[in-house]
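Encoded as C-alpha cells, the structure appears first; notes follow it.
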C-alpha cells in the first residue's frame, strides 16, 4: 500500500483538540466596535473565480444595505481562514460546521444566519461513470480523495460515516489524498487520479448543472445521511446594533424579489434563516467524542 501522508494530519488532530479543552469559549468582556470596512472571509472550497461569482452580488447588496464598504478575503486554506478569524482580522466569516464549532469554542464566534438547506446537508461519494463497483466496500485497496483536511462536508463527516460502516480509511484504502477543494476532488475522480472521491453534494449538483461535470464521466455512488453544515458568523466584539443590522440585511433577502433571488441562488439557498449554536450541537458532540479522529492524529 502507498504510504499515507502524515504531515498535514498531525496538525489536524491538534487543531481539533483545541476546542475539546474545557474553558476555551471566550466571553465578550471588551469594548464593542463597529467596523469602518466589513472584512469578510469565506471558505476556499472552490476556485477563486467560482467564489467571486458566488459572493460578489451578496457583498454588493450588504454594502448598499449597511452603507459600509467591504473587503473580501479568500484565504489559501481552511486553516488560514480560522487563523485570520482568530487573529481578529475578519469581522464576518463563512464557516463550515467543523470550523465554526472550533471558532465558537476558541474565539467566541457568534452564529448569524445559515441557508435553508444547511440543517440537512450531505456529502456525495463520486466514482467514474464506467466504474461498475456498486458500493464503497468494493473500493478496498483503491485510491480515495477527501477535500480539505478541515472540510466538514469534504472530509470529517464523510470520515465519520465511513467509520460507522467499519471503514477506517487509512487501513482500508491503498492511498488517501486531500484535494483542498470540492471541485478539484470531482476532477480528480473524472481524470482517474483517484478511484473514489467525496465532496459537498451541492457543489457537485451545481457542477453537473453548469456543465463542469458530465454524467458520462462521473456518477454518485453514495450520499451520506444529513448533518448541519455552513454558517455565517461574526466576531464576538462587534457592536450589538451593528450585528443586528447585518443579520436583518441577510434575512431581508427574499426569493420573491428577483434581484434577491439571484443572490440567494448564487449561494445555493432558497432563503436564509437565523442561526444558533444549538443548530451545531450534534456536530459538536461528534467532534467531542472524536474516536473516529484517532487514526489521523
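The values are calculated or read from the model by the stated rules, or taken from the named source; none is laboratory data. Owing to the predicted nature of the structure, the values given are computational and were not obtained by experimental measurement. Here the Cβ is made from the backbone with ideal geometry for all residues, glycine too, and neighbour counts use every protein chain on show.
For this structure, a couple of remarks:
- If the condition is being out of contact with any helix residue (DSSP H, G or I) (no Cβ under 8 Å at 6 or more places or on another chain) and assigned to a strand (DSSP E or B), then the range 160-189 contributes only 175.
- For the range 190-204, residues that are within 20 Å of the chain's Cα centre (by Cα) and either free of Cβ contacts under 8 Å to residues at least 12 places away in the same chain or in a helix (DSSP H, G or I) (or both) total 4.
- Residue check for residue 108: touching a helix residue (DSSP H, G or I) at 6+ places or on another chain (Cβ under 9 Å), within 27 Å of residue 281 (Cα to Cα) and assigned by TED's automatic domain parsing to the domain that holds residue 252: no
- The range 205-219, residues that are within 18 Å of residue 130 (Cβ to Cβ) and either in contact with a helix residue (DSSP H, G or I) (Cβ under 7 Å, 6 or more places away or on another chain) or assigned to a loop (DSSP other than H, G, I, E, B) (or both): 213, 214, 215, 216, 217, 218
- Some residue of the range 236-254 being assigned to a loop (DSSP other than H, G, I, E, B), modelled with pLDDT under 95 and either in the same structural domain as residue 111 (by TED's automatic domain parsing) or over 20 Å from the mean Cα position of the chain (by Cα) (or both): no
- Subset of the range 134-178 [at positive phi and free of Cβ contacts under 8 Å to residues at least 40 places away in the same chain]: 166
- Matching residues, the range 129-158, being more than 30 Å from residue 80 (Cβ to Cβ) and buried (at least 19 other Cβ atoms within 10 Å of the Cβ): 136, 139
For every residue, the table says whether it meets (1) touching a helix residue (DSSP H, G or I) at 6+ places or on another chain (Cβ under 6 Å); (2) surrounded by 13 or more Cβ atoms within 10 Å (Cβ to Cβ); (3) modelled with pLDDT of 95 or more.
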{"residue": "40", "(1), (2), (3)": "no, yes, yes"}
{"residue": "46", "(1), (2), (3)": "yes, yes, no"}
{"residue": "58", "(1), (2), (3)": "yes, yes, yes"}
{"residue": "63", "(1), (2), (3)": "no, yes, yes"}
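- Residue among 77, 83 that alone is within 21 Å of residue 46 (Cβ to Cβ), within 13 Å of the chain's Cα centre (by Cα) and surrounded by fewer than 17 Cβ atoms within 10 Å (Cβ to Cβ): 77
- Residue within the range 10-31 that is in contact with a strand residue (DSSP E or B) (Cβ under 6 Å, 6 or more places away or on another chain) and either at pLDDT 55 or above or not in a helix (DSSP H, G or I) (or both) present: no
- Number of the exception - residue 288 against (1) free of Cβ contacts under 8 Å to residues at least 60 places away in the same chain; (2) over 15 Å from residue 56 (Cα atoms): (1)
- Selection within the range 271-297: residues that are part of a loop (DSSP other than H, G, I, E, B) and farther than 20 Å from residue 93 by Cα. The member of this set that is modelled with the lowest pLDDT is 297.
- Scanning the range 103-116 for residues that are part of a loop (DSSP other than H, G, I, E, B) and buried (at least 19 other Cβ atoms within 10 Å of the Cβ) yields one hit, 109.
- Some residue of the range 260-268 being buried (at least 19 other Cβ atoms within 10 Å of the Cβ) and either without any contact (Cβ under 8 Å) to a residue 24 or more places away in the chain or assigned to a helix (DSSP H, G or I) (or both): yes
- Scanning the range 220-235 for residues that are part of a loop (DSSP other than H, G, I, E, B), buried (at least 20 other Cβ atoms within 10 Å of the Cβ) and at pLDDT 95 or above yields one hit, 235.
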